[in-house]
1. For the chain, take the longest principal axis of its alpha carbons; what is the angle in degrees between that and the long axis of helix 574-583, to the nearest 10 within 0 to 90?
2. Under the Karplus relation 6.51 cos²θ - 1.76 cosθ + 1.60, θ = phi - 60°, what is the ordered set of whole-Hz ³J(HN,Hα) values for the range 538-553, x standing for Gly and Pro?
3. For the pair residue 139 and residue 515, how long in nm is the line joining their label points, each one 7 Å along Cα→Cβ?
4. Taking the alpha-carbon centroid of each part, what is the distance from the range 86-118 to the range 363-416 in angstrom?
5. Please sort by residue number the chymotrypsin sites (Phe, Trp or Tyr not before Pro) in the range 353-412 whose DSSP state is loop and whose Cβ has at most 13 other Cβ atoms within 10 Å.
6. Over the range 285-483, what is the mean sequence separation of C-alpha contacts under 8 Å (at least six apart), divided by residue count, expressed as relative contact order in percent?
7. Mark the label point 7 Å from the Cα of residue 45 along Cα→Cβ and return the residues of the range 139-183 whose backbone N is within less than 20 Å of it.
8. Mind ordering 64-72, 572-580 by average Cβ neighbours within 10 Å, highest first?
Amino acid sequence: MIQELLDLSHRLTLTGSNAFAMRPVHWLIDLDTNGRLLGFVPTVRSTVKKGGKLEEEQGKQFECPVFFFATAKKHFISATAGGGKAVAELAAGNIAEVFGVLIEAKRDQSPRAVLLPEKDAYKHANFLDLHQQLADSAQLNPTVQAVWRFLSTNEAFPIGEFAPPQLKKMAAQQFSFRVAGRLLLTDPDVRRWWEQEFALRRSCVVNILPPGRDLFPLSVGDPCTGALTPVFPHISGVPGGGGWCPLASFDKAPSQSFGLGSGTLQMRLETAERAGAALNWLLRDESSHIRLGDTVAVFWAASSRDSNLPPREVGFAELMAESDPLEVREFLTGPWGKQPRDLDDARFYAAVLSSPQSRITVRSWHTQTLPNARQNLRSWFEAIALPRQFGSGEVYPSIGQLAACTVRKSREAKPLPGTYAALVESALFGSSLPKKLLAQALVRQKLELAIGSDRNNRAEFDGRLMARTALIQVYLQKSQGEAMPTSLVDLETNVGYICGRLLAFLDRIHEAAHQGSGGTNTSPANRAYGAASATPALIYPQLCKLARYHLNKIGGGLAHHLEFGPKDAPSEGLCGIFASLRATGSEFPRTLSLEDQGRFAIGFYTERHRRWAKDDGTTNGAKAAP
């Protein structure tokens, strides 16, 4: 993985030792030439959303000064924010650095600005110290001097100028300065001074690093020798990463670095810089990563023939993160057999990352040719496709929905990182899903149907039911070779699938019988889904007896329609389902295997969302079933 990141940095011409990087700045502090505050102006950038719609959002990108990721203190190297006091940013900073305050927003109280606690006071002090050094070196620059006058006067943060929703967001937002219309970030003296300061700080670290070698050539003929770094650059954008989150540490005990203590793989400074720069680029480019709960998946494609070509945009992120039927349909009907020749050998790379305890954990790493990855993704969407409950067409659950349906619906209950990793691997690389995901989906199915659906949240209930059914279909496709949805025809002869259809149809009869009384939450599915899917022989005789009472209660043409089905489609009625069961040569089985319980769930969902046939004249004018 490190070698591929180095190749990516070469294609992107990233060195990782640049003094500036693109970052969002959310507010400009407007000053006059004497450093007096004129006001705060939000920055806005335009983004193109789905459908080509142009929208504006706060946080324009600027080329901002960045700190070198390591510091040298008395011949000891440490990360700039690792285990010590963070270094301030130049010309742009957060509200704690610029004003020395925090926004405190307690429930039922208006937000207020409070001074930083003593343990965090260094953040503002470091910011002031850095800008004083800048002011001393640029005494003839009016922009720099005006900013320093403002910072040195210790003016209070004008909290009254902002609405409460704005204040709540400010902890994570960046501020910069504009003096008489001139941006501090673009001032030539500021940029020149920081380039020199950055080079000085880097050289101080390089001068005391020990010489050595690693296993990662940066170019052809590279002897892999140089200064060995004990720290890795900060990787931003991984959920839970915090203020300092490297990929590895080379000078820490195994419990701190997840390495091998003294046996941890060493890395040269240039290797760490370039690998970190490439990974950070992937986590900034919206087309190259997907955030999935507490994990993030990154992927890119690159030509294997020409190492100088830039990475190819694959466009999978939006497709996998959101269930957009139109976009998926366009994807599935694309010219798959006519890919350009240079794509035949293009390598496709993907990794799933998480950051427990402020260290990057690589959950999975894969490589394939790009056409294979696209074909795998096409098969994935074919497997998860499900009929819409209302209207025509199909719906495709997102990976986030598939992971969420395996755990209890709660803010505290989050899918495990391994769940996301397994789903991404299956979607992009055709891997089989672990059997535990099938078991988790079935357990949640039984429990949530037993609880019943809240009438006010029926759409959410049906959404989770849909996601679990799609997850089961993927499992059967990958582990049993049942290619969905074509295998639904084959499933018509599976006793588990037929039993699932039968339960959903008994539910339909129950609802029709109680339609005039406002409905009921004690339907067969709510009361007996768990028993029906695991031990059909114990529960179905009782359910069928109850259905007889319900049909007698309904009476008339509708009861005949439900029992015998439409004239042109008798298999859709209760008798037709029983005929399918008899055709299998078996009665209600005593137990169903875990896989057959999965087929039961597919049958239940299929029948539940089947478009009921139109009145064919056998109902004698009665209303069709719901």
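Taken together, the values in this text are just the output of simple stated rules run on the coordinates, not laboratory data. No experiment lies behind these values; they were computed from the predicted model shown. Note: ideal-geometry Cβ built from the backbone for every residue, glycine included; neighbour counts use all protein chains shown.
1. Helix 574-583 and the main axis of the chain meet at about 90 degrees.
2. Values per residue, Gly and Pro as x: 7, 10, 5, x, 5, 5, 5, 4, 5, 5, 4, 4, 5, 5, 5, 5 Hz.
3. In this crude spin-label approximation the distance works out to 9.1 nm.
4. Computed from Cα coordinates, the inter-centre distance equals 40 Å.
5. 390
6. This gives 20 percent for the range 285-483.
7. So the set is 169-178, 183.
8. Highest mean packing first, the order is 64-72, 572-580.
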